[in-house]
Amino acid sequence: MPGSPLRTTGCTNGSRTAPDRARTAPVRSPASTRRTLVRTAGARWDARMSSLGRIWVDHSNPVLRHGIVGCLREASHDVAGSGAGLRPVPDLAGVSLLIFDIEGSGVDRAVALARGRDLRLVGLFGGPGSDGLRDLQRAGLSAVLGTTALTPSRLLTCIQAVQRLPGPPSRPRRMLVGTSPPCAARFTPREIDVLRLLADGATTRDIAQRMNYSERTVKHIVHDVLVKLRGRTRAHAVAVAARSGVI
């Protein structure tokens, strides 16, 4: 009828229609959306870190020990505590990972503490031979890391990889090994000279002329250097040597 009020369908007890709700729904700003995403990502990261369990750090070198603890806490890992020599006996209740000094703490003591616990072992070493590494795996270590080249990235990557290792903690099916980088003491003076010339862009012929060697001798030296540095190419070997302080 003319003049009759307009009516809306589906509206009872003062509720709004779908178009009204759409018009009055709050619009979230991009900043609010970003904050929500950050909070969600943070909650997921915290849950992931908590699922890794608590960590105990034991090392006779206080500087290295405090550095490891700080690195772990900065990455949101739950560090239960730290000490030296595993003495007095640490409280490992709720601890799922023990990082210890192989020489200072002792493998036997660490293995004894892990017996009967859901505890993985990561040993820090100065550089045992291959036979020593096999013995450590038989003892039940999940990973070993060389302290000479221990970086935050390598430490955190190792910890996450250890948590994903198959098999029970006391008998891991394989052991992760982090080796130290090449040391200058492993290279002869002429190998270091060749590396420096390669870094300057010298060719095999250039090096042979400067060092008064035959080109065949230079190629042998370069080959030995590539093997020691585990370099894929000459440029890669020079880059590794520079990062490691060899040249």
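Read the figures in this text as sums done on the coordinates, not as results from a lab. All values derive from a computational prediction rather than experimental measurement. All Cβ positions, glycine included, derive from the backbone under ideal geometry; neighbour counts span all protein chains shown.
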Report summary line: Label model pair His66, Asp200: point-to-point distance (7 angstrom along the Cα→beta-carbon line) in nm is 4.4 nm
Report task. Would you mind getting me the FRET efficiency between Arg87 and Arg138? Use the beta-carbon distance for r and R0 = 30 Å, nearest 0.05. Result -> 0.75
Requested in this report: Return the Rg/Rh value of the stretch 184-244, two decimal places, where both radii are evaluated on C-alpha atoms and Rh is the Kirkwood radius.
Outcome: 0.92
Query raised in the report: Which cross-chain or sequence-distant (5 or more) residues have an amide H under 5 Å from the amide H of Leu124, H modelled 1.01 Å from N in plane?
Result: Phe100, Asp101, Ile102, Leu145
Query raised in the report: So for the pair Asp118, Arg54, with labels modelled 7 Å out along Cα→Cβ, what separation do we get in nm?
Result: 1.4 nm
